[in-house]
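Student: Mind having a look at this structure? Questions to follow.
The values are calculated or read from the model by the stated rules, or taken from the named source; none is laboratory data. If you're wondering where the values come from, they're calculated on a predicted model, not measured in any experiment. For neighbour counting, all protein chains shown are included, and Cβ atoms are generated from backbone atoms with ideal geometry for every residue, glycine included.
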Amino acid sequence: MANEPKTIMIIEDDHFLSSLMKARLEKEGFAVIQAFDGEEAMHMLKEVLPSLIVLDLIMPKVTGFEVLQMISITPQLDKVPVVIVSNLAQDSDIEKARQLGVKEYFIKVKVSIDDLVDKIKTLAMA
């Protein structure tokens, strides 16, 4: 159905930030699913094919980099755009994420929720 909302998956262990992103994205008309650690995300990604993934890198159980590696080698998932929102600001971390196919990399302390939502809307609708 053309009218079904695009699904955004937020993988973020900070419940407040995840809920803030979820509320803003739902206000923009997206369906949003949340995972609060990498392990939960990997299980959910076996069941759901989102239009876009918002991913933190520093998480309990399974790191964002491990989730990215799983996404990059999984047919179907490897075509889903991934946006990183992380406190990791080292060039080496950003480069590693880009090599794993990340479309956009935001550093939490430097990004506004408006800029993040605008970028998600652009990528999810592409």
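Student: Based on this model, can you work out whether K27 counts as more than 20 Å from D115 (Cα to Cα) and without any contact (Cβ under 8 Å) to a residue 12 or more places away in the chain?
Tutor: no
Student: Restrict the check to region 13-24 and report whether at least one residue is outside any helix (DSSP H, G or I) and crowded, with 20+ Cβ neighbours inside 10 Å.
Tutor: No, there is no match, as no residue in region 13-24 is outside any helix (DSSP H, G or I) and crowded, with 20+ Cβ neighbours inside 10 Å.
Student: Take K46 and tell me if it is free of Cβ contacts under 8 Å to residues at least 24 places away in the same chain, buried (at least 17 other Cβ atoms within 10 Å of the Cβ) and of a type in the set (K, R).
Tutor: Judged against the criteria, K46 is not a match.
Student: Just for region 78-125: of the residues that are farther than 20 Å from D37 by Cβ, among the small types (G, A, S) and assigned to a helix (DSSP H, G or I), which one is modelled with the lowest pLDDT?
Tutor: Ranking the qualifying residues of region 78-125, first place goes to A124.
Student: Right, V82: surrounded by 16 or more Cβ atoms within 10 Å (Cβ to Cβ), free of Cβ contacts under 8 Å to residues at least 60 places away in the same chain and under 19 Å from I113 (Cβ atoms) or not?
Tutor: yes
Student: Do we have P75 as surrounded by fewer than 16 Cβ atoms within 10 Å (Cβ to Cβ) and assigned to a loop (DSSP other than H, G, I, E, B) here?
Tutor: yes
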